[in-house]
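Every number in this text was worked out from the coordinates using simple rules, so none of it is lab data. Treat the numbers as computed from the prediction; the structure is a model and nothing was measured. With ideal geometry, Cβ positions are generated from the backbone for all residues, glycine too; neighbour counts draw on all protein chains shown.
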Amino acid sequence: MRTDTSPAIYRKDYTPPSYWVRTVEMGFDLDPSATRVATRMTLARNPASAEQAIVLHGEELELVQIRLNGKNLAKRDYKLVDGLLRIPTKAEEITLEIETLIRPDKNTSLMGLYVSNGNFFTQCEAEGFRKITYFPDRPDVMAQYTVMLRGDKKKYPVLLSNGNLIEQGDLGDGRHYALWEDPFKKPSYLFALVAGQLVCQEQTEKLKSGREALLQVWVEEGNLDKTQHAMDSLVNSIHWDEERYGLELDLDRFMIVAVGDFNMGAMENKGLNIFNTKFVLANPRIATDTDYANIEAVVGHEYFHNWTGNRVTCRDWFQLSLKEGLTVFRDQEFSADMIGTDSGRAVKRIDDVRVLRQAQFPEDAGPMAHPVRPDSFVEISNFYTVTIYEKGAEVVRMYQTLLGRDGFCKGMDLYFERHDGRAVECDDFRAAMMDANGRDLTQFERWYSQAGTPRVKVTTSYDADKQTYDITLAQSCPPTPGQAKKQPFHIPVAIGLLDGKGRDMPLSLKGHSDQPTTLVLELTATQQTFHFTNVTEQPVPSLLRNFSAPVVLDYDYSDADLAFLMAHDSDAFNRWEAGQRLATRRLLALTEAAQQADSPLSVDVALSASLRASLNDVALDPAFRETVLTLPAETVIAEQMEVIDPQAIHTARRFLRLSLAKDLRQDFSRVYAANQTDGPYSPDAASSGKRALKNLALSYLAELDDADAHTLAQAQYDSANNMTDRMAALAALANSQAPGRAAALAKFYSDFEQEPLVIDKWFSLQAMARTTDVAAVQTLMKHPAFSIKNPNRARSLIFSFCNGNPSRFHAADGSGYAFWAEQVIALDAINPQVAARLARSLDRWRKYAPALQEKMRAALQQVADTAKLSKDTREVVGKSLA
Ligand code: ARG
Ligand code: ZN
C-alpha cells in the first residue's frame with residue numbers, strides 16, 4: 001500500500017478566515033496557452049482570527065508578482081507551500097495585487113479556467129477559483145467583484161462574467177474588452193467567465209415587482225434551434241419562486257451558457273449559470289421526454305440556487321447540503337407543480353424515490369457512507385453525492401411534512417430574514433424552521449449527523465372487541481464507517497387505514513380530534529406504540545404514505561394485502577409501492593431459484609393479475625401505469641440480498657419480464673395501440689405519459705423477440721417523429737435478434753452524427769445492451785466518435801457499462817473489473833473528478849460472492865497501487881479497501 005495519502009479535513013477544525021476580502025478587481029488577458037490574470041483585492045483583518053497572516057490558496061499557477069499596499073513582495077516576504085500562500089502581516093486594511101499566468105488549453109480537469117471547443121469557460125465550485133489566482137478560496141469569504149475581460153475580437157466576440165455589463169469597447173489591436181460588475185458580494189466559487197463564439201436567444205421578462213430582467217441562453221451557433229425549452233423553463237422557474245416563496249430575481253440580467261465539456265450537470269454562478277449542454281439543448285429531433293424533464297429540473301435547480309446558495313451560502317463545504325439538499329427539494333417541488341395533477345405529482349415522487357433507492361441507499365450502506373453533513377473529507381469534490389443532494393432533499397422535505405407547507409414557508413422567510421448575505425450552517429436552517437414554528441426539532445439534528453438508512457419495523461394488532469388498533473414502530477440504523485452506534489432519529493411516518501372495501505377509515509388517535517384519513521406519526525424513541533380507537537373492522541395499514549421519510553419500512557404484508565393496496569390505496573405512492581413490494585418478493589424468490597441449477601423458474605399468476613388490472617385501468621394516468629408495470633431495477637434487488645448474485649438477478653428479472661410479456665401480450669398490444677400520440681410533438685406530462693406507457697408496452701413485447709415484435713419496433717423506428725419514440729424503438733431492436741438491428745444502429749449513427757448529445761445516447765444504449773461485454777465496449781472505444789476526454793462521452797460508454805449493465809460488468813472472469821481499473825487509471829490522468837466517480841462503481845464489492853470479491857479487491861488494489869493518483873481517486877479506492 002502507498003502511504004502518501006492526503007490528510008483529511010475535519011469539520012471540527014473550522015476556524016474563521018484571518019482576513020475578509022471586501023472588493024476584488026480582476027483583469028483577464030485571454031489566451032489559451034497563456035492567460036494573464038491580474039487581481040487587486042482589498043482586505044480587512046478579521047478580529048475573530050488569531051492568525052497573523054493573509055492565507056491564500058493557489059494551484060497550478062505561475063506566480064508573476066505580488067504587491068502589498070503598492071510594494072513588490074520578494075520571495076522572503078511570503079511562504080508558498082502545498083498550495084498555500086502565507087503573507088505574514090497584522091495590518092488592518094490591505095491592498096493586495098497578484099498577477100498569475102495560467103494555461104487554459106492544458107486544463108483537462110475542467111476546474112478553474114479551461115477551453116472547450118475553442119471557447120473559454122470556468123468552473124469554480126468547490127475549489128476551482130484557486131486555479132485562476134491566489135485567493136482565500138473558501139465560501140465564507142464573500143466579496144464584491146469587478147471583472148475586466150480582454151481578448152481577440154474575432155476569436156472571442158462574446159465576453160461574459162457575473163452581474164451587469166458596465167462597459168465594452170475596442171482596444172484597437174484586434175482585441176476588445178468588456179467590464180462586468182456584480183453588485184452582490186459572493187464567495188469565489190460563484191465566480192464565472194465565458195468567452196468565445198457564442199450566440200443567444202434572449203427576451204425580457206417582467207418580474208413580480210414590475211422590474212424587467214433580460215434573460216439569455218447562450219449556445220454555439222448551430223444550436224439556436226435548441227434553446228426554447230431552456231428559456232421556457234427559466235421563465236417558469238422565475239415565476240414559481242415568486243409565487244411559492246416570494247423570492248424575486250435580484251439582477252437585471254440572467255444568463256445561461258451551454259458547454260459541451262463539463263464535469264457535472266450545471267453551475268449556479270451568480271447571474272451567469274454554466275450548464276452541461278445535456279441540460280440545455282433540446283428539440284423533438286434530439287431530445288427525449290426525459291431530457292425535456294431534466295432540463296426543466298436543472299434550469300430550475302440552478303435558478304433556485306440564486307436564493308438558496310448564493311444570497312445565503314455555506315460557511316464551509318461540510319455544509320454543502322444546506323444549499324444542495326434544499327435546492328433539490330425546491331426543484332422537485334417545482335417539477336411537480338409544473339405537472340400540476342395529483343397523479344403527476346405522485347409519478348414525480350416515485351421517480352425521485354427510485355433515484356434514492358437505486359443510488360443513495362447503496363451509498364449509505366457502503367464504504368463511502370457519510371452523513372448529510374459530513375464530519376471529514378479528503379477531497380470535497382467526492383462529496384457531491386446522492387447523500388448530500390437527494391437524501392439532503394428528503395431531510396428538507398421532512399420539515400415540510402412535520403410543519404406543513406405554511407410552516408415550512410414561515411421557516412424559509414425567517415431563514416432569509418436572518419441570514420441574507422451570509423455564509424451559514426445547516427444548524428441555522430434547522431433553527432429557522434424551529435423558531436418560526438415554535439417547534440422543538442433538536443433531535444432532528446441526527447438526520448444531519450448520522451449516516452445510514454434507518455429501518456422502521458412495524459407490527460400491528462387489532463382488537464375486535466375493543467375496536468382498537470395498535471401500530472408499533474421500532475427503529476434501528478445499521479453501523480456506517482466511523483459510526484458504530486446510532487441514536488434514534490425523529491421520523492415522520494405518514495399512515496392511513498383501509499377498510500374492507502378499500503376506503504380510507506377516519507383515524508381516531510389521542511391528540512387528533514379532527515379524524516383525518518392520513519396521520520403523520522412522529523417516531524422519536526427506539527420503539528413507540530400508537531393506539532387507535534373506534535376501528536370498526538380489521539384494517540389494512542397504508543404505511544409511510546408518499547414516502548414520508550428516507551427509511552426502509554419493514555412490515556409483514558401478505559400477498560393479498562399488497563394486491564389490495566395496489567388496487568385501492570388512496571395514496572398513489574403507496575399503490576405503486578405495494579406493487580413494487582410484491583414484485584420484489586417474486587424477484588427475490590426467482591433469483592434464489594436461478595441460483596439452484598435444478599429448480600425451474602415458475603410463473604406467478606397473482607402478480608400478473610394485479611399488474612394486468614393496473615395496466616388496463618384507464619382511470620389511472622398512463623404515466624402512473626408505466627411506473628407500476630416497471631419492475632424494480634437489478635441494483636435495487638441486489639441491495640435486498642445478503643450476497644449479491646448479479647447473474648441470478650438478471651436471469652430472474654428477464655424471466656419475469658418474459659413471462660409477463662407472454663401472459664399480458666394482448667393487453668400490452670392493446671395499450672400500445674391506445675396510447676399513440678398524434679400531431680406535433682409536445683413534451684407535456686400527458687403526452688409524455690402516454691409515450692412512456694406505450695414504450696413500456698413495446699419493451700415488454702420486445703421480450704418475446706419474435707417477428708411481430710421486430711416488425712413493431714422497426715415500424716416505430718421508421719415512423720418516429722421524436723427522439724423518445726426513436727430511442728425506445730432502437731432499444732427494443734438493440735436488445736433483440738431482429739434482422740434490422742445492425743442497420744438501425746448504423747442508420748441512427750449516420751442520421752445524428754452531427755449531434756453529440758445523440759451520439760452519447762447511441763454509445764450509452766449499446767453499453768447497456770444485453771449482449772455487450774467488455775470486448776464490445778473496447779471495440780466501441782475505438783470508434784472515431786469516442787473520446788475519453790469529453791466527460792459526457794466517457795460517461796455514455798464507460799460509466800453506462802460499469803453502472804448500467806450489471807450482469808456483463810460482473811462477468812465471472814473479472815474482465816469487467818480489469819477494464820474498470822484500466823479506465824479509472826486512464827481517466828485519472830486526465831480528469832480526477834470524473835475518474836473518482838467511476839471509482840465508485842466497486843463501492844459494494846464486499847456484498848458479492850467470494851470469487852467475485854477477490855477479483856474486485858484486486859482491481860481496487862491495482863488502482864490504489866498506481867504511482868501518480870489524484871487525491872480524488874485515492875480517497876475513493878482507499879475508503880473502499882479500508
Ligand atoms: N453547485 C452545482 C449544482 O449542484 C454543482 C457543482 C459541482 N461541481 C463540482 N465540480 N463538484 O448545481
Ligand atoms: Zn445545486
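Here are the numbers for this structure:
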quantity: Contact order relative to length of the range 424-473, as percent, for alpha carbon pairs under 8 angstrom and 6 or more apart; calculated: 23
quantity: Check: the range 300-450 dipole with +1 on Lys, Arg Cβ and -1 on Asp, Glu Cβ, in debye; calculated: 220
quantity: Relative contact order (percent, whole number), the range 53-169, Cα cutoff 8 Å, 6+ residue spacing; calculated: 26
quantity: Options 239, 196, 151, ranked by Cα towards positive dipole end of the range 147-293, top entry (Cβ charges); calculated: 151
quantity: Spatial separation of Cα centroids for the range 40-109 and the range 818-873, in angstrom; calculated: 37
quantity: Helical mean residue ellipticity (222 nm; -39500 (n - 2.57) per DSSP H run of 4+; nearest 500) of the chain; calculated: -12000 deg cm²/dmol
quantity: Percent RCO, i.e. relative contact order, over the chain, from Cα pairs under 8 Å lying at least 6 residues apart; calculated: 9
quantity: Too-long pairs where the Cα-Cα distance tops 32 Å, listed order kept, from 79/391; 131/410; 71/868; 782/868; calculated: 79/391; 131/410; 71/868
quantity: Size of charge dipole - the range 230-331 - debye, nearest 20, with Cβ of Lys, Arg +1 and Asp, Glu -1, no other charges; calculated: 220
quantity: Approximate spin-label separation residue 413-residue 861, in nm, with each point projected 7 Å along Cα-to-Cβ; calculated: 6.2
quantity: Neighbour-count order for 427, 170, 678, fewest beta carbons within 10 angstrom listed first; calculated: 678, 170, 427
quantity: Where trypsin sites (Lys or Arg not before Pro) in DSSP loops with at most 10 other Cβ within 10 Å are excluded, longest remaining stretch of the chain; calculated: 155-465
quantity: Order of 334, 184 - criterion: other Cβ atoms within 10 Å of each residue's Cβ, fewest first; calculated: 184, 334
quantity: The range 242-295 shape via C-alpha gyration tensor axes, a/c threshold 1.5; calculated: oblate
quantity: Pairwise centroid distance, computed over Cα atoms, of the range 778-810 with the range 177-220, Å; calculated: 35
quantity: Sequence of 361, 786 once ranked by neighbouring C-beta atoms within 10 Å, starting from the fewest; calculated: 786, 361
quantity: Within the chain: Cβ-based charge dipole about Cα centre, in debye rounded to nearest 20 (Lys, Arg +1; Asp, Glu -1); calculated: 1600
